[in-house]
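Report on the structure given below.
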Amino acid sequence: MAKGKPIIAVERCKGCGLCIRACPKNILEMSKETNGQGVNYPVCKDEASCIACTFCATMCPDCAIEIEEL
């Protein structure tokens, strides 16, 4: 199975959470910190479980997520 890791452009994120709901492995969560816009952004809590499906990146309306395949 493919492996990857999400790369999140924190400053582009508007905190909608669509990526978190789209992840089949449930490895994304909202950070406790905020970006320059004052919103919480997603962080990966378990990169080792990422299957590089790209669902999070596909759902992001701001193109703030890329998947780096390992």
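The set of residues in segment 35-70 that are open to solvent by 40 Å² or more (accessible area, probe 1.4 Å) and at positive phi comprises Gly38, Thr54, Cys63.
Of the residues making up segment 10-44, those that are assigned to a loop (DSSP other than H, G, I, E, B) and either hydrophobic (A, V, I, L, M, F, W, C) or more than 10 Å from the chain's Cα centre (by Cα) (or both) number 14. Of all residues in segment 51-70, how many are assigned to a strand (DSSP E or B) and closer than 21 Å to Glu11 by Cβ? Of the residues in that region, 4 qualify.
Put simply, of Ala2, Ala48 the only residue that is over 15 Å from Pro61 (Cα atoms) and in a helix (DSSP H, G or I) is Ala48. Cβ-Cβ contacts under 6 Å between residues 6 or more apart (or on different chains), taken from a first residue in segment 5-33 that is under 18 Å from Glu69 (Cα atoms) and modelled with pLDDT of 95 or more to a second residue that is basic (Lys, Arg) and open to solvent by 80 Å² or more (accessible area, probe 1.4 Å), are listed as Ile27/Lys45.
The values are calculated or read from the model by the stated rules, or taken from the named source; none is laboratory data. It should be emphasised that the depicted structure is a prediction, and the values quoted were computed from it without experimental measurement. Cβ: placed from backbone, ideal geometry, glycine included. Neighbour counts: every protein chain shown. Please note that ligands, DNA and RNA were not included when accessible areas were found on the heavy atoms of the full protein model with its side chains. Shrake-Rupley method; radii C 1.70, N 1.55, O 1.52, S 1.80 Å.
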